[in-house]
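Peer 1: One structure, as structure tokens, below. Some questions next.
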Amino acid sequence: MQLVVLLIVGFVAGMLSGAVGFGGGMILLPVITYFYGVEVAVPVSTIAQLLSNLSRIAIGWKSIEWKSVGWFLLVALPCTALGAIGFAVVDKALMTRVLCIGLIVFAILKISGKIRLPKSRLTMLLGGGLTGGLNGLLGISGPLSSAVFLSLDLLPVAYIASEATAAAAMHIVKIVVYGKLQLMNLTVFAEGFGIGCAMMFGNAIAMHFIRHIDKKKYQKAVALLMIAVSLFLFITIK
């Protein structure tokens, strides 16, 4: 029954992340934490999200904004490694709640039109550094990286695939560091792989339906879901 629950949650998480570019990890983490505890949940979620991101890359390969992804990862990758090293000591619940509050404020301002991140190299560099650090520390950074990639004003599939490319690279760095810290084992890989396969199925369905969505309406929907998943994680994280 536990496996069935995790696979169903993985599919739903894949549908969400495939549709808006984030939210999969924020749904997965509380559920996996309930069964295994956060020290196991973050590595398992990392494996699952890597597979999910790889599937979104494959689906949207031709639309990826490679130059912007490169600038983002230039700072994000080393910051991800540093954050992953600090994973064992940081107060993850407190940090996650602070992140959620910040994302809710950003999303509200985004919907109201009172904030817009500039479309620039500096946005990608600074956004990559902050995203990478939080990704390594908490295993959750999708809404933050999505906010950065929304500044590029891309079509839905290009936005999803580009953000997924950056996320996949950060997940690979985390897996390497977690392995060095002996946080990875065969059980973690097996659980993560199973959930990841369910997420990939959800990704494929979601990305099929977003190809012809109006870009402005889509971005507002993303901001609304950013508020919803942030509230969900704020309440459920332990």
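The values are calculated or read from the model by the stated rules, or taken from the named source; none is laboratory data. This one's a predicted model, so the numbers in the text were calculated from it and none came from an experiment. Every residue, glycine among them, receives a Cβ derived from its backbone with ideal geometry; neighbour counts consider all protein chains shown.
Peer 1: Would the stretch 22-38 turn up any residue that is of a type in the set (Phe, Trp, Tyr), farther than 13 Å from residue 191 by Cβ and within 14 Å of the chain's Cα centre (by Cα)?
Peer 2: Looking for residues that are of a type in the set (Phe, Trp, Tyr), farther than 13 Å from residue 191 by Cβ and within 14 Å of the chain's Cα centre (by Cα), one finds at least one in the stretch 22-38, hence yes.
Peer 1: I would also like to ask the following. Residue under question is residue 111, and the condition is that it be modelled with pLDDT under 75, exposed (fewer than 14 other Cβ atoms within 10 Å of the Cβ) and within 17 Å of residue 224 (Cβ to Cβ); does it hold?
Peer 2: no
Peer 1: A further question follows. Would you call residue 200 crowded, with 19+ Cβ neighbours inside 10 Å, over 28 Å from residue 98 (Cβ atoms), aliphatic (A, V, I, L, M) and in contact (Cβ under 8 Å) with a residue 24 or more places away in the chain?
Peer 2: For residue 200, the condition - crowded, with 19+ Cβ neighbours inside 10 Å, over 28 Å from residue 98 (Cβ atoms), aliphatic (A, V, I, L, M) and in contact (Cβ under 8 Å) with a residue 24 or more places away in the chain - is met.
Peer 1: What is the residue count in the stretch 159-209 for residues that are among the β-branched types (Val, Ile, Thr) and under 21 Å from residue 4 (Cα atoms)?
Peer 2: Summing the residues that are among the β-branched types (Val, Ile, Thr) and under 21 Å from residue 4 (Cα atoms) in the stretch 159-209 gives 4.
Peer 1: Going residue by residue through the stretch 191-209, is there one that turns out to be more than 16 Å from the chain's Cα centre (by Cα), among the acidic types (Asp, Glu) and over 24 Å from residue 155 (Cα atoms)?
Peer 2: yes
Peer 1: Any idea how many residues of the stretch 1-24 are part of a helix (DSSP H, G or I) and closer than 20 Å to residue 155 by Cβ?
Peer 2: 6
Peer 1: Could you run through the stretch 183-238 and say how many residues are under 28 Å from residue 62 (Cα atoms) and of a type in the set (Asp, Glu)?
Peer 2: Result for the stretch 183-238: 1.
One line per residue, one yes/no per condition, for (1) crowded, with 24+ Cβ neighbours inside 10 Å; (2) of a type in the set (Ser, Thr, Tyr); (3) touching a Phe, Trp or Tyr at 6+ places or on another chain (Cβ under 8 Å):
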{"site": "151", "(1), (2), (3)": "no, yes, no"}
{"site": "154", "(1), (2), (3)": "no, no, no"}
{"site": "159", "(1), (2), (3)": "yes, yes, yes"}
{"site": "163", "(1), (2), (3)": "yes, no, yes"}
{"site": "167", "(1), (2), (3)": "yes, no, no"}
{"site": "170", "(1), (2), (3)": "yes, no, no"}
{"site": "176", "(1), (2), (3)": "no, no, no"}
{"site": "180", "(1), (2), (3)": "no, no, no"}
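Peer 1: Being over 22 Å from residue 178 (Cα atoms), of a type in the set (A, V, I, L, M, F, W, C) and assigned to a helix (DSSP H, G or I) is the filter here, so list the residues in the stretch 42-71 that pass it.
Peer 2: 57, 58, 59, 61, 66, 69, 71, listed by residue number.
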